[in-house]
Amino acid sequence: MRNPPLSRRRFLAMTGGAAALAAGSGLLAACGGSTAPRTGGAGSVAMPDYVPTTLVTPDLPATADGVMAGFYRYPANPATAFTTKPGEGAGTVSILTNILNPVPPSAGANAYWQELHNRLGATLDITMTPQADYLSKLSTVIASGDLPDLTLISARLAHKADVLTRLCADLSEFLGGSAVRQYPFLASIPTDAWLPTAYGGGIFAVPIPRAVVGTIMFTRTDLVRARGLDPEPASYADFLAVAKGLTDARGNRWAFGSVKGVITFVGTMLGVPNVWREEGGRFTSEHETEERKEAIARTARMFADGLFHPDTMGGRLQGRDLFGNGTLAFNPDGYAAWDTLAKTYPVEVGATVAPKADGGGTARHRAGTTAFAITAIKKTDKSRIEQLLRICDWLAAPLGTSEYMFRKFGVEGTHYTMEDGAPVLTDKGKVEVKLPLEYVVDAPHVLGPGDRARVDAQRAYQEKVVPTILRNPAEGLYSATATDKAGELSKIIDTAELDIVSGRKPIGHWDEAVAAWRTAGGDAARAEYEKALADKA
Amino acid sequence: MAPTELAATAAPAARGTPDAPPPAARRPRQASWRWRLRRDWFLLLLGLPGLLLVVLFHYVPLAGNVIAFKDYRPYLTVWEAPWVGFENFRVIYEGDPAFLNALTNTLVISLIQIVVVFPVPIALALLLNSLLSERVKRVVQSVLYLPHFMSWVVVVAVFQQLLGNAGLYNTWARAHDLPLLHLIGNADLFLPLITSQAIWKDAGWGTIIFLAAMSRVDLELYEAVAVDGGGRMRQLWHVTLPAIRSVIVLLLILKLGDVLTVGFEQIILQQAAVGQDASEVLDTYVYNRGIIDGNFGMAAAVGLVKGVVGLGLVLAANKIAHLFGERGLYSRW
């Protein structure tokens with residue numbers, strides 16, 4: 001038995017138990033290659049080694065606290081990372097994932113999809129479900145007992161831990177510790193992103209990594225300036241003034257279109273914790289804080305003042321389109337949307353940094369989740385898992401490889417042309433290169449490559465916000481209740497927020513909702529986190 | 001109304017009504033059975049796919065109701081899940097407020113559907129039947145049928161686009177300082193909204209079965225009324241309505257069976273806009289608690305009770321129909 005390089009490994013007690021004991025069993029798991037899932041009780045696992053890719057040197061290097069690396073230009077000669085077809089012999093690979101853009105033409109009428117099959121040496125049968133309906137679709141597919149080969153598991157899935165450990169393959173023997181080096185691009189996914197894939201002593205999925213910066217309040221800076229408003233509000237009052245100044249119902253424009261996004265943003269100004277606050281081993285949920293209640297009350301006042309799009313409550317607004325055409329002036333979205341928005345709409349996309357509510361500097365911004373979601377592999381035999389992981393590895397090939405260029409832009413000449421060293425999608429490319437491959441597996445994000453001014457703006461935003469970043473103290477701790485009941489618990493909160501903000505219920509209703517949340521599992525989750533933290537120490 | 005449900009339920013009923021054997025076929029019982037098989041084999045063959053469909057998609061899944069008594073988890077098979085007795089029924093017998101809210105909403109919507117929505121196709125059919133010009137009738141019918149073929153997603157989207165708070169009218173009204181219509185996303189107007197949607201979408205389609213019944217009326221009956229000096233109202237009252245009475249009763253019985261089922265798709269699509277208090281019905285409750293929250297057992301228990309209540313109502317209504325001398329859904333004779 002080879003002695004594993006302990007120093008490079010990160011041992012994590014996922015479900016509690018003495019750290020020493022946990023580390024010991026993790027060693028066993030890694031060396032013995034045991035695939036038996038161990039649910040409940042103490043378990044630990046050797047997380048995959050982190051071997052960042054060295055294919056390209058960024059123009060703006062990443063920082064230690066999590067500001068993303070930036071690129072102004074595409075690498076001139078992308079390397080071809082795979083000499084063989086990664087999916088050779090895999091036949092048809094069924095995939096279930098979500099999609100955020102219109103569904104592309106089917107494989108038969110999509111040259112990009114056909115070329116993808118050709119390059120992979122396998123056929124991808126992708127079921128694409130709109131993100132809003134994804135949880136229902138996923139739950140139904142799981143209940144049907146017929147999982148596809150690769151399934152995107154959303155964080156809010158009920159009984160997530162059990163679904164993963166019982167229905168999905170334990171990947172520890174393939175990815176744990178140094179084993180992941182066989183899949184170099186999966187190895188370049190940072191360790192933090194792997195945390196949500198580990199349950200009961202095994203790794204049960206591949207994460208879709210995300211940077212720490214999280215959700216951004218995208219702002220139509222052009223509109224702000226055109227109205228002579230301040231694009232850098234210094235307090236809540238300033239922000240409110242900007243929102244009011246932008247709203248013009250007669251001109252079909254409103255400041256906001258997302259209740260949740262505004263509550264979170266106002267909450268950031270008021271100092272609401274990121275999901276949990278931990279003080280001396282005691283956990284307090286963000287929902288239990290006065291600041292959060294105040295954030296909801298203020299959002300409700302904004303709603304009453306008509307700052308929200310009138311159809312906000314239906315929850316089916318196409319936020320990006322409405323932002324692009326000027327119906328919405330603010331649109332909170334993941335940081336990755338910055339490029340998408342800027343490339344899709346001919347408008348100036350900016351971002352508003354949350355000030356402290358009463359002024360006096362930048363508020364502490366919430367860290368984003370380390371993974372958008374995770375992709376699990378159905379339980380199957382070893383060689384099939386290896387094939388599927390090779391495909392995942394291919395899908396994670398980063399900037400600087402020809403695989404990346406193909407994944408993002410298709411075939412040069414057909415789907416894109418190089419103009420000034422940057423790929424520009426052709427009309428065919430805009431239609432066909434829309435497969436949601438980035439929601440199966442993806443390389444860690446970087447800023448750009450793109451327009452220097454945009455990359456600089458994004459970088460400036462991150463340099464301002466990332467140093468303030470507020471992490472979720474429960475990240476890396478495991479609570480069965482929080483995992484399994486994520487959907488139910490969020491629903492209680494979301495429903496109450498909508499009821500209050502829409503004016504259907506008074507702000508006092510919030511206390512009832514929080515009580516219901518505590519009974520439904522909030523208190524249990526708190527206890528589990530507190531125990532997990534105590535066990536870890 | 002859902003004609004497919006009608007067809008599915010009516011078909012076995014029709015099969016279950018044994019035609020009196022023709023007098024010529026007086027043979028020993030055994031032979032009679034075989035003889036009839038030989039005579040009807042083709043008809044039976046035609047009925048077979050339908051029967052298979054009903055068994056496969058209506059009867060076999062009934063066995064799945066067993067999870068109402070189990071702590072079912074999607075990653076376990078039905079057999080592995082532990083038995084929990086009536087634990088899943090607690091929301092019902094302990095009266096979980098969310099369940100009671102869903103039940104109340106369901107009953108209110110159902111009542112409105114029976115009182116307001118159900119008679120509309122009948123009135124419409126009478127109206128159509130009184131049209132003399134065959135051409136006009138066909139055009140009107142086609143226009144009325146059309147919405148039935150749109151899915152609820154489209155219907156809801158059309159209402160949203162036209163009457164939504166940022167829809168066609170309100171955008172225009174806002175630009176011209178006219179009063180706004182706050183119809184969609186208004187919890188107080190949710191009931192009238194879904195009722196009018198249901199009428200707009202399906203009333204035309206619902207007329208088909210009544211028109212068919214009316215077309216069977218012997219013209220001589222109308223003539224007889226005319227001869228006796230009766231006007232149009234008399235004809236309506238003494239000929240047309242009695243002719244379609246059995247169909248009305250049949251559909252009403254079926255409707256009663258559906259009393260706890262009030263249009264899942266239509267409501268879930270519009271739920272977020274008005275909140276759960278106004279819009280949660282049993283079907284959405286089962287979906288939200290079962291599929292979304294992962295409480296499959298509890299959702300199945302509620303669904304099971306719903307089914308049992310529906311069955312009870314159908315049987316009771318059928319019994320009452322028999323007492324009034326109607327054939328009802330099925331009959332013993």
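The values are calculated or read from the model by the stated rules, or taken from the named source; none is laboratory data. These numbers come from a predicted model, not from an experiment. No Cβ is skipped: glycine too gets one built from the backbone with ideal geometry, and neighbour counts run over all protein chains shown. These accessible areas exclude ligands, DNA and RNA; they are computed on the full protein's heavy atoms, side chains included. Shrake-Rupley method; radii C 1.70, N 1.55, O 1.52, S 1.80 Å.
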Suppose R0 equals 25 Å. What FRET efficiency, 1/(1 + (r/R0)^6) with r the Cβ-Cβ distance, do A:His509 and A:Arg282 give to the nearest 0.05? 0.45
Summed for both chains, how many Å² of accessible area, to the nearest 100, are buried between B and A with a 1.4 Å probe? 2500
Give me the distance in nm between label points sitting 7 Å out from Cα along the Cα-to-Cβ direction at A:Lys531 and B:Phe42, one decimal. 7.2
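So what's the projected area for segment A:174-263, the Cα convex hull averaged over all directions, in nm²?
Mean projected area for segment A:174-263: 9.4 nm², to one decimal.
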Select from chain B the helices, each a whole stretch of DSSP H, whose alpha-carbon atoms run 20 Å or more along the helix axis and whose Kyte-Doolittle mean is at least -1.0; answer none if there are none. B:29-54, B:97-112, B:190-215, B:241-257, B:296-323
What is the list of residues in segment A:449-468 whose amide nitrogen lies under 19 Å from a point 7 angstrom out from the Cα of A:Ser235, following Cα to Cβ? none
Residue (of B:Leu56, B:Leu181, B:Leu107) at the positive-pole extreme of chain B, dipole from beta-carbon charges: B:Leu56
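Can you give the average number of partner chain beta-carbon atoms within 10 Å of each beta-carbon in peptide B:73-79, as a whole number?
Partner-chain Cβ atoms within 10 Å, mean over residues of B:73-79: 6.
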Can you work out the FRET efficiency for the pair B:Ala175 and A:Asp133, with r the C-beta to C-beta distance and R0 = 41 Å, to the nearest 0.05? 0.75
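What value does chain A have for Rg/Rh, both radii from Cα atoms and Rh as Kirkwood defines it?
Rg divided by Rh gives 0.95.
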Could you check the simple spin-label distance between B:Leu111 and A:Thr84, using points 7 Å along Cα→Cβ, in nm with one decimal? 7.2
Segment B:95-323, accessible surface, carbon-and-sulfur percent (1.4 angstrom probe): 70
Label point 7 Å out from B:Arg90 along Cα-to-Cβ: which residues of segment A:133-161 have amide N under 11 Å? none
Give the cross-link partners of A:Lys428 among the aspartates and glutamates, using a straight C-alpha distance below 13 Å as the criterion and excluding same-chain residues fewer than 8 apart. A:Glu412
Find the accessible area per residue for the protein assembly as shown; the probe is 1.4 Å, ligands and nucleic acids are left out, and the unit is Å². 46
Could you tell me which of the pairs A:Lys260/A:Lys505; A:Lys293/A:Lys536; A:Lys85/A:Lys434 are separated by over 27 angstrom between their Cα atoms in the structure shown? A:Lys293/A:Lys536
Could you state the principal axis extents of the C-alpha atoms in segment B:95-323, from the largest down, to the nearest angstrom? 65, 55, 25
Quick one, what does Rg over Rh come out to for segment B:153-219 if you take C-alpha atoms and the Kirkwood Rh? 1.24
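Report the extension gain between A:Ser144 and A:Asp451 in nm, rounded to one decimal, defined as 0.36 nm multiplied by the number of residues separating them, less their alpha carbon distance. Show your work: numbers first, answer last.
On the way: separation 307, 0.36 × 307 = 110.52 nm, distance 4.66 nm.
Between A:Ser144 and A:Asp451, full extension yields an extra 105.9 nm.
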Here, B:Val309 and B:His182, labelled 7 Å along Cα→Cβ, have an inter-label distance in nm of 3.2
Please give the length that would be gained between A:Ala64 and A:Thr519 if that part of the chain were fully extended, namely 0.36 nm times their separation in residues minus their C-alpha to C-alpha distance (nm, one decimal). 159.8 nm
